[in-house]
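The structure under discussion appears below in the form of structure tokens.
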Amino acid sequence: MTGALADAVEQVKEVRPRRGSVVDLFCGAGGLSHGFFQEGYRVAAGIDVDEACRYPFEANNEAPFVRRCVEQLTAAEFEEEFTLGEPTILVGCAPCQPFSKYSQGREDSRWQLLKDFARLIRECRPDIVSMENVPRLPQFKAGTVFDEFVGSLRACGYSVAWSVAFCPDYGVPQSRSRLVLIASRHGQPTLPAKTHDKADYVTVRETIGELPPLGAGKSDAKDALHQCSQLSALNLKRIRASKPGGTWRDWPKELLTTCHKRETGQGYASVYGRMAWDEPAPTMTTQFFGFGNGRFGHPEQDRAISIREGAMLQTFPPEYKFLPPGAAAQMKSLGRMIGNAVPVTLGRAIARAIGNHIEAHDL
Ligand SMILES: C[S@@+](CC[C@H](N)C(=O)[O-])C[C@H]1O[C@@H](n2cnc3c(N)ncnc32)[C@H](O)[C@@H]1O
């Protein structure tokens, strides 16, 4: 079958309900959950400490948000949210910052959160588990934190598969890499299948190229999320001197910052710059709305990308509701929720891989 008919069949397949109910630990605004939701699963609940996540999580995933610290959570508190008779799926992306390269391996109380994730798995024994985090987690502290997590799953009878997913390979217009782990009590799970290769990576242009132009510090009258940060006079000169895909090395000497002028500034090549239209964007961080925080300059307009553009590069659909009607958009809080998210499209690829496993094992 080819052409329009194949596309139509593919679309029907994509929206059919999936067997399985999902509880999302550290759910944030719901990037990962929404991938499961789009793939046709029932999202049963999301758990997070950040109250700001309640509205977007509930408004888009038809599921309750439970404000709770995972360290104090017991499985008994969420087990009843799972649908009786359906495969149970416990997913979670614990805070990544304690394992990032900037943490330099310093002891951090948030390591405990992965141990609590493992404890909750032991307590409730879901059919399937999915965990995401930064790619370096398996090497972090010579692997101790990650090995303990995997060891705890294996000791409970789970088969475990994991690898590092380069997001453009899954249709995400962003060169983010993430560790993806799937574990099952019903045989060896398969990791998400790649959907794209370099020749057809989704680009910045395809994702945000149609949005209305904005000036620095302005917002779109029709879309509260399409707003961007103000730029100082100096940063305005810097962005004007920036080339798409380039760095601060393109600037004349008088625009360099003190740290760029120092030798160690060589390590800061990615800070300050414009995105390139015809490539995936750099990794969206929680600070993506600031021109000085990464290569977050718009490819041709003299400004940092807007909150809406960051959300779209994280593959949140344009209709995803982040704010209650009439609420003012707080860039810091929105940037944190959006930058922290598992890209929806990666979540969807994980959900699809789990769906195939559920079908193959007739769960
Ligand atoms: C990487 S983000 C998760 C992103 C989310 N999975 C998504 O796709 O949108 C980590 C989340 O953990 C939450 N968090 C941090 N400490 C927590 C704790 N002790 N208990 C529950 N949630 C916590 C943060 O508020 C944040 O939303």
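The values are calculated or read from the model by the stated rules, or taken from the named source; none is laboratory data. These figures come from a predicted structure and were not determined experimentally. Methodologically, a virtual Cβ is constructed for each residue, glycine included, from the backbone with ideal geometry; neighbour enumeration extends over all protein chains shown.
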> Given the conditions (1) at pLDDT 95 or above; (2) more than 20 Å from F316 (Cα to Cα); (3) out of contact with any helix residue (DSSP H, G or I) (no Cβ under 8 Å at 6 or more places or on another chain), which single one is not true for V12?
Replying inline: (1)
>> Just to verify a result, which residue in the range 65-88, among those that are of a type in the set (D, E, K, R) and in a loop (DSSP other than H, G, I, E, B), is farthest from G46 (Cα to Cα)?
In response: E86
> In the range 311-358, how many residues are without any contact (Cβ under 8 Å) to a residue 12 or more places away in the chain and outside any loop (DSSP other than H, G, I, E, B)?
Replying inline: 1
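With respect to V180, determine if the residue is over 13 Å from the mean Cα position of the chain (by Cα) and closer than 21 Å to P95 by Cβ. Walk me through how you get there before you give the answer.
Details: over 13 Å from the mean Cα position of the chain (by Cα): no; closer than 21 Å to P95 by Cβ: yes.
Criteria not met by V180.
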> With the range 146-249 as the region, which strands (runs of 3 or more DSSP E) entirely inside it contain at least 2 residues that are modelled with pLDDT of 95 or more and in contact with a Pro (Cβ under 7 Å, 6 or more places away or on another chain)?
Replying inline: 159-166, 177-184
> Can you name the condition, by its number, that Q301 falls short on among (1) touching a Gly at 6+ places or on another chain (Cβ under 9 Å); (2) modelled with pLDDT of 95 or more; (3) crowded, with 18+ Cβ neighbours inside 10 Å?
Replying inline: (3)
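Take the conditions acidic (D, E) and modelled with pLDDT of 95 or more and apply them to D127. Does it pass?
Details: acidic (D, E): yes; modelled with pLDDT of 95 or more: yes.
When the stated conditions are applied, D127 passes them.
Based on what the data block shows, is F36 near the ligand (Cβ under 9 Å from one of its atoms), in contact with a strand residue (DSSP E or B) (Cβ under 6 Å, 6 or more places away or on another chain), closer than 24 Å to T345 by Cα and not in a loop (DSSP other than H, G, I, E, B)? Break it down stepwise before answering.
Details: near the ligand (Cβ under 9 Å from one of its atoms): no; in contact with a strand residue (DSSP E or B) (Cβ under 6 Å, 6 or more places away or on another chain): yes; closer than 24 Å to T345 by Cα: yes; not in a loop (DSSP other than H, G, I, E, B): yes.
In short, no.
Residue by residue, here is whether (1) touching a Lys or Arg at 6+ places or on another chain (Cβ under 7 Å); (2) in contact (Cβ under 8 Å) with a residue 60 or more places away in the chain; (3) crowded, with 18+ Cβ neighbours inside 10 Å holds:
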site: P173; (1), (2), (3): no, yes, yes
site: T195; (1), (2), (3): no, yes, no
site: R205; (1), (2), (3): no, yes, no
site: E210; (1), (2), (3): no, no, no
site: A221; (1), (2), (3): no, no, no
site: H226; (1), (2), (3): yes, yes, yes
site: K243; (1), (2), (3): yes, no, no
site: R249; (1), (2), (3): no, no, no
